[in-house]
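What follows is calculated from the coordinates using simple rules that are stated; it is not laboratory data. What you see is a predicted model; the values in this text were computed from it and never measured. Note that each Cβ is placed from the backbone with ideal geometry, even for glycine, and that neighbours are counted across all protein chains shown.
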Amino acid sequence: MELTKEQVQYIDRRLENDGVIYWDVRIELLDHVVSDIEKKLTLKSSENEFEEFVQASFVAIGWKENFNGGNFERILKETLKNLVKKYRKQHRETVLSCFRNTRFMIKALLLTLLYFTLSSFTSSKQFLLLSIILFWSPILLVLYESLKLYGKKTGKSFNKEQAFSFTTVSFMMFHGFLYLMLDRFGEFSIPIQYHKSILFMIIPVHLFFFYTAYKSYKKTIVEVESVRKQIFDS
């Protein structure tokens, strides 16, 4: 017997109250629970029987009782772990697709060549300033997306948060690397003649990684929003 919209919402609230705070993770569990209950529920089933079916289905997928009532700690960890693997795979595919895209590679090589040319016609300090600007310029896009992400009243989405976190990885990774190159006075501890070579290797890789992460992020946003509208706005 097909569940009513109110019954589905009841299950969704139960999942949220029992610790499944991400709505996109709840959808995966919700689909399993709804399918299980629809096999058992009949027209003669009472509201109490429906709630008992819900509880039995929760226990079957890993619900455990605790001092707060209960939660899905084990299955939640497994689900989040699988989603992380899924997103990492998607990001790898995005990187590979960029390498296979001839037009993108030509543009990337031309921009890298321009960056290299500028390194030949500027002083080390000027090139360092330019490199710092290039390094941090994508952060404006990250800040803009973060405001959009947390400004929407759509609930927490693990897919969105995971995708967004990938856009910040290269900032943290390369910023930490650059920090290790500084001495206690904030000056580069590496001889000046190597500065341009180091920056020439870091900045293009950083911008490429950010671009692929951002592209994966936008793809994830479209997919997640499509699912959310189908489930909650129908």
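One table, with the values for the structure above:
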read-out: Residues of region 59-73 that turn out to be outside any helix (DSSP H, G or I) and exposed (fewer than 12 other Cβ atoms within 10 Å of the Cβ), as a count; value: 5
read-out: Of the criteria (1) in contact with a helix residue (DSSP H, G or I) (Cβ under 9 Å, 6 or more places away or on another chain); (2) under 30 Å from LEU3 (Cβ atoms), which one ILE139 fails; value: (2)
read-out: Positions within region 1-43 being among the charged types (D, E, K, R), part of a helix (DSSP H, G or I), touching a residue at least 40 places away in the same chain (Cβ under 8 Å) and in contact with a Phe, Trp or Tyr (Cβ under 8 Å, 6 or more places away or on another chain), in sequence order; value: ARG14, ASP24
read-out: Meets criteria (touching an Asp or Glu at 6+ places or on another chain (Cβ under 7 Å), surrounded by fewer than 17 Cβ atoms within 10 Å (Cβ to Cβ), in a helix (DSSP H, G or I) and of a type outside the set (S, T, N, Q)) for GLU51; value: no
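Each row is one residue, and each column tells you yes or no for (1) in contact with a Pro (Cβ under 7 Å, 6 or more places away or on another chain); (2) among the hydroxyl-bearing types (Ser, Thr, Tyr); (3) surrounded by 14 or more Cβ atoms within 10 Å (Cβ to Cβ).
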site	(1), (2), (3)
GLU6	no, no, no
GLY19	no, no, yes
TYR22	no, yes, yes
SER35	no, yes, no
SER57	no, yes, yes
ILE75	no, no, yes
GLU78	no, no, no
ARG100	no, no, no
